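So the structure is just underneath, and the comments pick up after that.
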């Protein structure tokens, strides 16, 4: 393999396989971001309210699968769980094309979300098992960059279907996403060399005992879920805030999304290198919550001001949000790996990913019912919630 290819895909077989797999899956995700909502409403014929309810129910399935797949990964291995979940997700995406009612849509969405939750847990478990120390966070940061870049490329590809604007174009896009997801399973089929056995964490929970009794780990995972609401600020809150509550033109939304993608792609790996150890991870998370406070203040300030000032404050908000994102993710990943019992990597990563899934599920409702519904007081409430979550994480990380 050439030096350039090694830099792109990593040196280890596990990282190379995950890089290629995530690249294909992220292309599919980008396509889905562009066309799925229109597919659900114009092809299947569902109302936006029904789509929202169905996806919320599916989010519960995603949480359950993220948790349960961790225990399964400890029993049969993370690799087969990841391959199986990827195939299920591919089938579910193709099955959307045959959905004819709200019930079938919800069932298919539950299968797709459950498969995605299992994928995230299995991927994190592979990293926990095959890498040690800072390498785990650094590799995960590189994979995050791959995700962001290829989601952007996939979103651009979706423009073809959006330009056509026909049901047939949306169906082709959904089937293409299904094929890309199925293709993402191909790099994962090879056998990975088993890692050297890792020593158990001192005073860790005994094998077989539920990690749910590790209250420190569960608490950090729950607070990670709260911090995960920050992604809803960008994907839900920012577009609605710009178009409904500021004088900035609607076209600035695309600019802000691209800016975030670029900043995260450039700075996620350097941010991961700042984190070394549990205490440093806790400090990183609390600093990230401070940037989230700034994000909320900048968004709130963009509401009543003239057009140019609003654009400037929105740019500052997305820069602050991007800094918060790379720092919070680096810190949270380090805590999820370093505080886990090495004898139950899947179960522990399942708890961490359950927190992530819960935050993702709740984010749209939380953001719209606070900032979008109440303006500045709502933004201030979100800022307080983020700061409390960051401080709580720091407290638990510092506690021995």
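What follows is calculated from the coordinates using simple rules that are stated; it is not laboratory data. The structure displayed is predicted, hence computed values, not measured ones. Glycine gets a Cβ as well: all are built from the backbone with ideal geometry, and neighbour counts include every protein chain shown.
Neighbour counting of Cβ atoms within 10 Å sorts the residues 217, 299, fewest neighbours leading, into 217, 299. Over 17 Å, how big is the tail of the calculated P(r) for the stretch 239-294, in percent of all Cα pairs? I get 58 percent for the Cα pairs in the stretch 239-294 exceeding 17 Å. Only helices enter this figure: runs of n ≥ 4 DSSP H residues, each worth -39500 (n - 2.57), summed and divided by the residues of the chain, yield -26500 deg cm²/dmol at 222 nm to the nearest 500. Taking the number of Cβ atoms within 10 Å of each Cβ as an exposure proxy, the fewest-first ranking of 130, 245 is 245, 130. Across the chain, the volume of the C-alpha convex hull divided among the residues equals 131 Å³ per residue. Normalised by the number of residues in the chain, the average gap of Cα pairs under 8 Å and 6 or more apart makes the relative contact order 25 percent.
Return the inverse of the average 1/r over all pairs of distinct C-alpha atoms in the stretch 12-188, which is the Kirkwood hydrodynamic radius, in Å to one decimal. Mean inverse Cα-Cα distance, inverted, gives 16.5 Å.
Relative to its Kirkwood radius, the Cα radius of gyration of the stretch 211-398 gives an Rg/Rh of 1.00.
Exposure proxy ranking for 361, 186, based on other Cβ atoms within 10 angstrom of each Cβ and starting from the fewest, stands as 186, 361.
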